[in-house]
Structures are given as C-alpha cells and as structure tokens.
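Notes for the one structure printed next.
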Amino acid sequence: MVIVLSTVYTSENIPNKDQVKPKCIVKYDKYMGGVDRTDQMIANAKACLKVSKWWEMVLFHILTLIGLHSYLMYKGNVTNPMPPRHFRKRLIKM
C-alpha cells in the first residue's frame, strides 16, 4: 500500500495502459525525469565520510553531482566511454 499526498492532483483514478492508477501516480511516472535517475546514478559514487558540519555534507554532495555531470558530458562526446568508476578515478588523479 502506498500513500501519496499531492497539492496539485485530485484522487481520481485514470486508466493507464492495462491498469487503473491515481492521477498523481501517472503524472509522477510521466514527469519524474532526472531526479530519481540522478539519485540512482550517484548512489555508488557517494563518499562514505563522517562529517560533523552540515555544509561539509552539502559540499561533498555537490562535488559528487559535478563528477556525475562531467561523466555524462564525457559519455556524450566519446564513442567508447570508460565505466563511471574508472572515470571517477581518473578525475580524482587530475
């Protein structure tokens, strides 16, 4: 069972492919875009550091996102890209 709170959509059910789903779920699936994908892609790249200040955690998260976006740009410009793990290692060595 899933509980969803929405300030935009009503609780009406609409047909979606071969199922009937709440409108807010259908719209979420349609427009979720890069947010969930980004979280999936950085899950393995997150630094496992214990930090005491909130801004350090934000800084490491921003650096992780910078690394991900630089890999995506690299991947879009090369015909045979290296795996993300090797790219991060080479990026750190620079």
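The values are calculated or read from the model by the stated rules, or taken from the named source; none is laboratory data. Fair warning: this is a prediction, and the values are worked out from it, not measured in the lab. Cβ atoms come from the backbone with ideal geometry, glycine included; neighbour counts cover every protein chain shown. Each accessible area value is taken on the protein alone, full model and side chains, heavy atoms only, with ligands, DNA and RNA left out. Shrake-Rupley method; radii C 1.70, N 1.55, O 1.52, S 1.80 Å.
Computed quantities for the displayed model
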read-out: Nearest 10 degrees, 0 to 90: helix 54-77 Cα axis against the chain principal axis; value: 90 degrees
read-out: GNM top mover of LEU49, LEU63, LEU72 - the chain, alpha-carbon springs below 10 Å; value: LEU49
read-out: Computed [θ] at 222 nm, deg cm²/dmol, the chain (DSSP H ≥ 4; -39,500 (n - 2.57); rounded to nearest 500); value: -17500 deg cm²/dmol
read-out: Distant-in-sequence amide H partners of LYS21 (H built 1.01 Å from N, under 5 Å); value: ILE14, ASN16
read-out: Heavy-atom accessible area order for TYR74, TYR31, TYR9, largest first, 1.4 Å probe; value: TYR31, TYR9, TYR74
read-out: With every protein chain in place, the chain: carbon and sulfur % of accessible area (1.4 Å); value: 61 percent
read-out: Qualifying trypsin sites (Lys or Arg not before Pro) in the chain, DSSP loop, other Cβ atoms within 10 Å at most 11; value: LYS17, LYS46, LYS50, LYS53
read-out: Exposure of PHE87 as accessible area (Å², to 10), given a probe of 1.4 Å and all protein chains; value: 30 Å²
read-out: Accessible surface ranking that places the most exposed of ILE3, ILE25 first, with a 1.4 angstrom probe; value: ILE3, ILE25
read-out: Inter-label distance, nm, simple model (7 Å from Cα along the C-beta direction), HIS61/THR10; value: 3.6 nm
read-out: Solvent-accessible area of GLU56 with every protein chain in place, 1.4 Å probe, in Å² to the nearest 10; value: 50 Å²
read-out: Per-residue SASA entry for MET32, accessible area with 1.4 Å probe, Å² rounded to 10; value: 70 Å²
read-out: Largest-first principal axis extents of the Cα set of the chain (Å); value: 53, 42, 21
read-out: Sequence of VAL78, VAL26 from largest to smallest accessible area, 1.4 Å probe; value: VAL78, VAL26
